[in-house]
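Only one structure is covered here, and it is reproduced in the block below.
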Amino acid sequence: MTLWLHLSQDTPPSHVADPLSYLARQWPELSVVVTSDAALSERDIAGLPGARLHDAPPDTARAVRQFIETHGLRAALWVGDLRPCYLVQTHRHGIRSVWADACIDPGRAWRLRWLPLSDGAALQALKAVLAAPGPEVERLAALPALRDRIETPGALQPGVAAAPCDMSERDALAVILHARPVWFAAFVDPGEVSAVLQAHAMASRLSHRLLLILHPARPEDGAALRDELARDGWRAVLRSEGEDPREETQVLVADTEDELGLWYRLATITFVGGTFAGGPTRSPLEPAALGSVVLHGPQGGAQADAFERLHGFRAAHRVAGAEALGRAVEKYLSPDAAAEMAHHGWQAVSAGADVANRLVDLLDELLNEAGA
């Protein structure tokens, strides 16, 4: 069974990763032919199971017909702006489709109104049109053939997979920590270490048992960082050497590659590194998904949209520097403040679940119809 997925210019593959991953479990034989108006690489679609990346065919009847026949396409999912020629040719081949995150490029709107099928059969062949509530729905509803197909569950959002964790290790460390307050600084750039330590010293005046889990952006720097901390008077241990934090330990240098899920679960607060220095950073949705309060600097980088998503739900706290970071750590050591922020974080992470679930149901029906 082969599904054609076409993404518009502004839609990253991550927006459909969760629905397609679920479908792949239900349909092990499913393959997905991915085309896009944007320049994508194989790395971009790595999160889409069974996906093969191809150049989008030119918007002509002959090219699209050849593409459909070459790949044996049986169903289609359009995300974002819709190419009318794609819709017409899939309809003529008996292929039904779903249109998600539906929007109309003003330059193509007239082509949708004057499709080369006078009865609007191509539009009527759409199983459903999913859109975010707002002005775009009015534009879509101006096409009579779409009016009874429009649903408004919201916009697709990037999926968030919970970082894995050895729960037995998590439980063992929780016993060792014995209810100590813990915060985590993840993917910290070398230029940010000083600010993080200043913030830790400041917050430790309020909570003298506070433990910092410091994860360097380059794990290979872990041993040198531990030694530098020791020279500066910090009591530090190194995770890669199997050292567990003791009661007097102030900093645990987490220089391992695959334990992010462990630290997110243990730490009440996570500072997302790279956001002071402006270097590479990590999605803040990961700690939010596991109930850790998200703090970050002014530089969002490639994760700017994810940070804004959290801020839209009041689920992240932006800080300007070391002193503001220290005050924020102090604030969210309060169980009430942390619980409120964690609740907002869960709301932000789960936003989009309704549209993702609806899309799964529609595509499942589509594939069943195609296989009948």
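The values are calculated or read from the model by the stated rules, or taken from the named source; none is laboratory data. Computed from a predicted model, the values in this text were never measured in an experiment. Cβ atoms come from the backbone with ideal geometry, glycine included; neighbour counts cover every protein chain shown. These area figures cover heavy atoms from the full protein model, side chains too; ligands, DNA and RNA do not enter into them. Shrake-Rupley method; radii C 1.70, N 1.55, O 1.52, S 1.80 Å.
Each 10 Å bin from zero up to the one holding the largest Cα-Cα distance in segment 240-292 carries the following percent of pairs: 20, 48, 29, 2.
Would you mind checking segment 156-185 for residues with the amide N under 16 Å from a putative spin-label position 7 Å along Cα→C-beta of R209? The answer is 173-183, whose backbone nitrogens lie closer than 16 Å to the label point.
Once you have a ≥ b ≥ c as the square roots of the Cα gyration tensor eigenvalues for segment 207-361, tell me rounded if a/c is under 1.5, and otherwise prolate or oblate according to whether a/b is larger than b/c. Since a/c reaches 1.5 and a/b is larger than b/c, the shape of segment 207-361 is classed as prolate. Rounded to the nearest 20, the Cβ-based charge dipole of segment 183-303 about its Cα centre (Lys and Arg +1, Asp and Glu -1) stands at 480 debye. With protein chains left intact and a 1.4 Å probe, residues in segment 8-77 average 52 Å² of accessible area per residue. Phi angles across segment 174-179 convert, under the Karplus curve 6.51 cos²θ - 1.76 cosθ + 1.60 with θ = phi - 60°, into 3J(HN,Hα) values of 4, 5, 4, 6, 6, 6 Hz, Gly and Pro given as x.
Ranking L211, A224, A185 by Cα position along the charge dipole of segment 148-239, where only Lys, Arg, Asp and Glu carry charges on their C-beta atoms, puts L211 farthest toward the positive end.
For F276, the accessible area of its heavy atoms, probed at 1.4 Å with every protein chain present, is near 50 square angstrom. The H on the amide N of V32, modeled in the peptide plane, is under 5 Å from the matching H of L3, A51, R52, each at least 5 residues off or on a different chain. Compared with the dominant principal axis of the Cα atoms in the chain, helix 335-350 is inclined by about 20°.
Under a 5 Å amide H cut-off, with hydrogens placed 1.01 Å from N, A128 pairs with W99 among residues at least 5 apart or on other chains. For E257, E247, the ranking by accessible surface with the largest value first comes to E257, E247, using a 1.4 Å probe. Computed in the context of the full set of protein chains, the accessible area of segment 235-291 at 1.4 Å probe radius has 40% of its extent on carbon or sulfur. Note on L285: accessible area approximately 10 square angstrom, rounded to 10, probe 1.4 Å, nucleic acids and ligands left out. Accessible area ranking (1.4 Å probe, heavy atoms, ligands and nucleic acids excluded), largest first, for I150, I68: I150, I68. Taking the 1.4 Å solvent-accessible surface of segment 124-215 as the whole, the part contributed by carbon and sulfur is 56%.
For G291, the amide hydrogen comes within under 5 Å of no other amide hydrogen, counting only partners 5 or more places away or on other chains and with H modelled in the peptide plane. Here the chain is assigned +1 on the Cβ of each Lys and Arg and -1 on the Cβ of each Asp and Glu. Its dipole about the Cα centre then comes out at about 960 debye. Using the Karplus relation 6.51 cos²θ - 1.76 cosθ + 1.60 with θ = phi - 60°, the per-residue 3J(HN,Hα) values for segment 324-332 come to 5, 5, x, 5, 5, 4, 4, 4, 8 Hz, with x marking Gly and Pro. Other residues with beta-carbon under 15 Å from the beta-carbon of E169 carry, at +1 per Lys or Arg and -1 per Asp or Glu, a net charge of -4.
Helix 17-26 axis versus longest C-alpha principal axis of the chain: approximately 70°, rounded to the nearest ten. The candidates K127, K331, arranged from most to least accessible area with a 1.4 Å probe in the full protein assembly, appear as K331, K127.
Projecting the Cα positions of I176, T90, P298 onto the charge dipole of the chain (unit charges on Cβ atoms of Lys, Arg, Asp and Glu, taken about the Cα centre) puts T90 furthest along the positive direction.
When restricted to Cα atoms, the chain yields an Rg and a Dmax of 24.7, 80 Å, respectively. Subtract the Cα-Cα distance of S168 and A224 from 0.36 nm times their separation in residues, and report this length gain in nm to one decimal. Extra length available between S168 and A224 comes to 17.3 nm.
Listed values for segment 81-93 are Karplus-derived 3J(HN,Hα) couplings in whole Hz (6.51 cos²θ - 1.76 cosθ + 1.60, θ = phi - 60°), namely 5, 10, 8, x, 5, 4, 5, 4, 6, 5, 4, 5, 9, and x replaces Gly and Pro.
Could you work out [θ]222 nm for the chain from helices alone, using -39500 (n - 2.57) per DSSP H run of at least four and dividing by all its residues? Round to the nearest 500 deg cm²/dmol.
Mean residue ellipticity, 222 nm, calculated: -11500 deg cm²/dmol.
Principal-axis analysis of the Cα atoms of the chain puts helix 193-204 at an angle of about 60° to the longest axis.
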